[in-house]
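Please read the structure below before turning to the comments.
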Amino acid sequence: MRAIGASLWPVIEIESTGVPIERWNGCGNAFQILDLRGRSAKIVSGTIARAPDLARRAAAPERGAGVDGLVLMLDEPGADVRTAMWNPDGSRGAICGNALRCITHWIADERAAATVALEMVSDVGRHPARARRDGQGHWHAEVRLGRASFDAESLPLDTGHGSVVAQSAGGPWRVAVDLDSERREGLALSVGNPHLIVPLEGPPTDVDVVRHGASLERSAAFPDRVNVSFVQVVSPTELRQRTFERGAGETLACGSGACASVVALTTTGTLERGAQVTVHMAGGDLGVTWTRDGELWLSGATERETPPPQ
Ligand SMILES: N[C@@H](CCC[C@H](N)C(=O)O)C(=O)O
């Protein structure tokens, strides 16, 4: 299910050796994470360039079937860490909820603490986060993603495109979606990155997520492409979801996608504002709360797949 296609990655000049490169996942959403804090490193090209070495590592058989993204940890004055994320096709992901949660766990390990509270910075803002280890030694990390936006320009969304129906009052944009013979309405919004949420009557396993996701991701309505989620409402506090991520393909879980679904379905009156919603995805359950003051919190399990340094 994970897209490999790691031929276009940032070129990173690393002047010091021994840079920790680890594989992590948040509910199955897998990343190659490079710790460049305190090192002399610069990103030579922001987006499209070849880094065969990193690509080879990402696809190396001993590391499993590839990763859903490359994530850098960088120094940031006044915060614990800055993050930068690339999709497997070399495009930038301005924010990645599951990667932020993995980094929270990484820093908790580093501090040898059973709980940790910290602040990260992404391309779209500051993210307070906390992590804790449960009685079985499993980690749960929670991060504040930020606020949702329905502004067409920042999504971006071409509101003149034929599939765009209208904006729902002060909420997401309604976009016509054809699923073979069935016409449905998706809801477009940003949670720092662009999402199209397609509510379904039945389970998302009934939908050809790869085929429809790939075509919607590249709809001309979304000039920077879009992450596409197919979502079934199970109860007022439970969703079932599959996401086709921009630049990656279908992934086992998408943190920002889970947040976008909760916002979209709260604005339609289906979910209750402020409640913790469980989003069931193939890789596990994510918890999302859209607080009454407009902040999105994302929680769930994280796993360090690379053994920690001794
Ligand atoms: N897996 C992510 C989102 C990663 C970025 C996305 N593919 C994009 O291009 O916007 C998450 O957990 O949020």
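The values are calculated or read from the model by the stated rules, or taken from the named source; none is laboratory data. Small disclaimer: the values here were computed from a predicted structure and weren't measured. Here the Cβ is made from the backbone with ideal geometry for all residues, glycine too, and neighbour counts use every protein chain on show. These area figures cover heavy atoms from the full protein model, side chains too; ligands, DNA and RNA do not enter into them. Shrake-Rupley method; radii C 1.70, N 1.55, O 1.52, S 1.80 Å.
A few points about this structure:
- Simple spin-label estimate for V210 and R111 in nanometres, 7 Å along Cα-Cβ: 4.2
- Whether the stretch 164-294 is rounded, prolate or oblate, judged on the alpha carbon gyration tensor where a/c under 1.5 counts as rounded: rounded
- Counted charge near D293, where neighbours are those whose Cβ lies closer than 12 Å (Asp, Glu -1; Lys, Arg +1): +3
- Full-extension gain in nm, D285 to S181, via 0.36 nm per residue minus C-alpha separation: 34.3 nm
- Put a dot 7 Å past the Cα of E295, heading toward its Cβ, do the same for S154, and the two dots end up 1.7 nm apart.
- Estimated at the nearest 10 Å², the accessible area of D293 is 100 Å² with a 1.4 Å probe.
- Extension gain for A169 to E238 (0.36 nm times residue separation, less C-alpha to C-alpha distance): 22.4 nm.
- Qualifying trypsin sites (Lys or Arg not before Pro) for the stretch 256-310 [loop in DSSP, other Cβ within 10 Å: at most 10]: R292
- Span from the the stretch 127-195 Cα centroid across to the the stretch 236-310 one, whole angstrom: 10
- Taking amide hydrogens as placed 1.01 Å from N in the peptide plane, the amide H of L239 sits under 5 Å from those of V234, T278, V279, H280, each at least 5 positions away in sequence or on another chain.
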